[in-house]
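Notes follow the structure.
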Amino acid sequence: NHEKLFRIELKDISNDYRNEERLQSLKTLGKKLSFIADVGDRSSNEQLEELKKAIREQMDGSILNYNIFEIRTIEETDKVDKTGQIHKKLKHFTSFGLSATAQNRELEVSANGNGITGYVASSGLSYICNDTKNDPLYVPGAINAKSSLTVPLVYNNKVIGTCNVESVKPNNFSSQDQLFLELYAKDIAF
């Protein structure tokens with residue numbers, strides 16, 4: 001009497017599949033941004049406005065699904081600080097879901113007194129804020145925001161801006177979200 005034994009293992013691959021699908025979709029979004037940036041038969045202002053519109057649509061779309069976000073670019077000023085460094089500020093580029101106060105807020109590329117955005121711009125490091133009420137770096141951007149994720153925009157190994165997303169849910173961003181936003185930020189920077 002020989003009994004055959006079988007071992008069956010079940011593994012939920014739906015999360016892996018969703019992540020792979022999201023990666024493929026990010027590649028498509030990046031190609032669309034590149035196409036807009038490469039088409040040269042428009043003025044640079046028209047091209048810039050079309051790029052902003054595409055980013056707003058992609059950020060709020062089904063792939064990224066960030067309905068509160070802001071992108072800022074670094075702009076050098078004619079001021080020099082006491083150490084001889086050129087003063088840099090973070091200029092609003094595009095956003096959705098932020099208050100006018102937050103959009104118009106003047107921020108500098110500095111780890112101190114300029115919120116998470118200033119910190120990320122000065123350090124070049126991404127930052128997940130799980131609890132806006134208890135994070136000393138957080139400066140309010142969206143009404144009722146409970147968590148945020150900010151990544152640097154890097155081009156040719158130089159930080160040229162920041163991309164910030166916020167959520168009305170605490171602890172809403174994971175290291176996986178950070179990875180996806182960093183990948184998208186590369187396309188924005190390019």
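We did not get these values from a lab; they are worked out from the coordinates using the rules stated. Everything numeric here is computed off the predicted structure, so don't read it as measured data. Heads up, the Cβs are rebuilt from the backbone with ideal geometry, glycines too, and the neighbour counts pull from every protein chain shown.
Data overview
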item: Answer label for Cα Rg over 2.2 N^0.38 Å (calculated), chosen among (i) 1.43; (ii) 1.00; (iii) 1.24; result: (iii)
item: Exposed GluC sites (Glu not before Pro) absent - longest run of the chain, DSSP non-H/G/I/E/B, at most 12 other C-beta within 10 Å; result: 10-105
item: Gained length - Ala111 relative to Ile8, 0.36 nm times residue gap less alpha-carbon distance; result: 31.8 nm
item: Around Asn104: net Lys/Arg minus Asp/Glu count, Cβ-Cβ under 13 Å; result: +2
item: Stretch gain in nm, segment Arg56-Gln176, where the contour uses 0.36 nm per residue and the Cα spacing is subtracted; result: 41.1 nm
item: Potential lengthening between Thr83 and Asp135 on full extension [0.36 nm per residue; Cα-Cα distance subtracted]; result: 15.8 nm
